[in-house]
Amino acid sequence: MRFFRLKTMLILAVLASLFFIRAIVANGDQAPARQRRGPFFIWPALAEEAAVEALVPKADALAGWPMLDEVRAFEGEELFDFIDGAAEPFYTYGFLRVATADYQNEDGQFLTVEIYEMDSSANAFGIYSFNRPSQGEKVEMGTRGVMAESILYCWKDRYYIKVHTFPDSPAARDAVKAFAEIIAKNIKEEGPPPALLKLLPCEGLIPGSEKFLHQKKILDNIQFLSRENVLKLSEKTNMVLADYKMEEGKVTLFIVEYPDAEECKLASLSYAKFLDTPAAQKIKAAKWMTCDAFLVGSWGEPEDKATQLTKRACANIQYYLKLKKK
Amino acid sequence: MGKKSSRREFLGKSVKGALALGASFIFGFGKKEPLFSEETEAATRASPLSNVVAVGSGKDPGENTLAALALLGGMGAFVKPGDLVVVKPNISWDRRPEQAATTNPDVVAAVVKECLKAGAGKVRIFDRALNDPRRCYRNSGIAKAAQDAGAEVFFPKDYDYIDVKFPRARRLKAWPLHRAALEADVFINLPIAKDHNEAKLTLCMKNLMGIMGDRRGRIHQGLHQNLADLNSGFKPHLNILDANRIQVAHGPNASLLADVREPKMVIAGVNAVSVDAYAAAHLPWERDFGGMVEYIQYAGEMGLGEADLASIEVRK
């Protein structure tokens, strides 16, 4: 009898250890949470699911702004149920899950928190850069972001955050910032921005104009080139764009990183064909260059300055490649 | 969350469910035939207004609505005494009117009043909201404006959708549509014009997504053709596009006033394709979307309406 008890306890201990080891492994790797689901791995998967909800400020987090109802979460295709057509761009940035909650003060003003979990900090920056307005008050309070009117857009680690209030008032705007600060404190890691941003030349760069993306449908919203995918963008490509202030005019510089030099070459041939079209002339597409797996180009005027900018970006890439080899 | 239902609650829910199921059965839940589109389409094609677009412009959104309607012969040309009229504005978002994410409440009120003036027996208003429906209806100002004007405002229920086939569709062959839209004597499509990051623009044709049931997210794969297909299966009697204020960036759910422009127009017509083609070409959009919006182009190719601007008669 005693032997059987001991045996049962031993089996239970082994099983518990297996689950514990699996939990550590699952939380340590970089695979998206959705791919980790499975009946055997219920515990770590649930822990992951709960993570983004846990970042939402609690019901009593800010005095005078109690939570209405409860925290809601949407994942995968459910995002369409939350923001309909606005959901599509999120999928190009590795969307995993969103948690949202509403708060209301005594004056009847509403405040909404939305925390989107993406598969990497680079993609959190990407969706932030896509959604943020071009102008607004810079916000640095543990998050990196911008506040425009009564809406605060920011990102930290793998999370893109939007906090907004209605109707607008100075007090409600202060509450928006306070909620963003609470969320930022709840997120422990900083998370690096996309590495490609470092390749952009600094001189003349208009702060806040940097955008990071992967796919054509996002570029179409920023700068429509053609119905054809002339830059051969895909989920495997990384692209940054930024605006540069010139003495006369403005230039947009772009860098696309392809999986390898061969794909970059194919894209450059396609882009070269596009440059002969009226659409390219309309946006004043300037000279482009390739450097290993990177394609660099620009749009805007004056052309000579745009070409200089392209060359400077290429020099940055070459330096980066040298460092990488070392 | 996690609260256990009491026996009374359970019984209550069961009875409600049984009643809903019974009602669905009696009234034809699961019907697969189009209830609405063929006769409407025939009437639309025969209409001398089939390729006419009317534009009312000026400072007052309500006046612009009346002006556009007058150019089409007035609401009496569409609504007959005793008709059940269903109006479908855009009430999808929890935004205030100035943010131009939802149809202007003054336009909604003007349409309701004109319907009742023409003798409508009842005017009903609904949309399938994306944010909390109570807040969307209230903060958009639409519920109050519509009720004050004499309309009945309601929230669509999940069990009130009927499967409808789209025989002319190329891709989206069927979808559940809301019973109220299908059973109306007159259906008035009342969207607001906006930028849309996937569809490029959301105008009349896209606004019909608000009568769709089920998981609408699924239609985003191949969205442009799906929108054309939806419009091949369901045709409003009248389309009134609110372009008094429009979002020109970060749509469809932009919140910033910086993204709003004021063309101060209402564009109306019996054919959604023509109204959309005109709006795509003539409203002050600020981003380049590469010429014709695909879903309008596809609808034109499918013969759903006149998309060629040269063939559209514009009345101002």
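The table that follows gives values for the structure above.
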read-out: Using alpha-carbon coordinates, inclination of helix A:261-274 to the longest axis of chain A, degrees; value: 50 degrees
read-out: Calculated FRET efficiency for the pair A:K265/A:E114, C-beta based, R₀ 35 Å, to 0.05; value: 0.30
read-out: Neighbourhood charge, 12 Å Cβ-Cβ cut-off, centred on B:N131 and excluding it, Lys, Arg +1 and Asp, Glu -1; value: -1
read-out: Alpha carbon convex hull of chain A, volume per residue in cubic angstrom; value: 186 Å³
read-out: Simple label model, 7 Å out from Cα along Cβ direction - A:C202 to B:D148, nm; value: 5.7 nm
read-out: Full-stretch length increase - A:A54, A:K273 - with 0.36 nm per residue and alpha-carbon distance subtracted; value: 73.8 nm
read-out: Violating pairs (Cα-Cα greater than 26 angstrom) within the set A:K216/A:K287; A:K162/B:K59; A:K138/A:K305; A:K217/B:K206; A:K232/A:K282; A:K138/B:K264; value: A:K162/B:K59; A:K138/A:K305; A:K138/B:K264
read-out: Cleavage-rule hits (trypsin sites (Lys or Arg not before Pro)) in the range A:131-213: DSSP loop, at most 15 neighbouring Cβ within 10 angstrom; value: A:K188
read-out: Dipole magnitude of the protein assembly as shown about its Cα centre (Cβ charges: Lys, Arg +1; Asp, Glu -1), debye to nearest 20; value: 1720 debye
read-out: Neighbour net charge for B:A110 - beta-carbon separation under 13 angstrom, K R +1, D E -1; value: -4
read-out: Chain B - mean residue ellipticity at 222 nm from DSSP helices (-39,500 (n - 2.57) per run, n ≥ 4, rounded to 500); value: -10000 deg cm²/dmol
read-out: Acute angle (nearest 10 degrees) that the helix B:105-117 long axis makes with the longest principal axis of chain B, alpha-carbon atoms; value: 80 degrees
read-out: In degrees, nearest ten, helix A:2-28 long axis to first principal axis of chain A (Cα); value: 20 degrees
read-out: In the range B:254-316, the GluC sites (Glu not before Pro) that fall in loop regions by DSSP, at most 16 other Cβ within 10 Å; value: B:E286
read-out: Chain B - share of DSSP beta bridges that are antiparallel (%, nearest 5); value: 55 percent
read-out: Shape call, the range B:163-225: gyration tensor on alpha carbons, a/c limit 1.5; value: oblate
read-out: Among B:A77, B:A272, B:A254: highest mean-square fluctuation, GNM of chain B, C-alpha pairs under 10 Å; value: B:A77
read-out: DSSP-assigned coil residues among chymotrypsin sites (Phe, Trp or Tyr not before Pro) in the range B:265-306, each with at most 14 further Cβ atoms within 10 Å; value: none
read-out: Stretch gain in nm, segment B:E262-B:E301, where the contour uses 0.36 nm per residue and the Cα spacing is subtracted; value: 10.9 nm
read-out: Cα Rg over Rh - the protein assembly as shown, Kirkwood; value: 1.00
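Coordinate-derived values only; no laboratory data. Computed from a prediction, not measured in an experiment: that's the story for all the values here. Cβ: placed from backbone, ideal geometry, glycine included. Neighbour counts: every protein chain shown.
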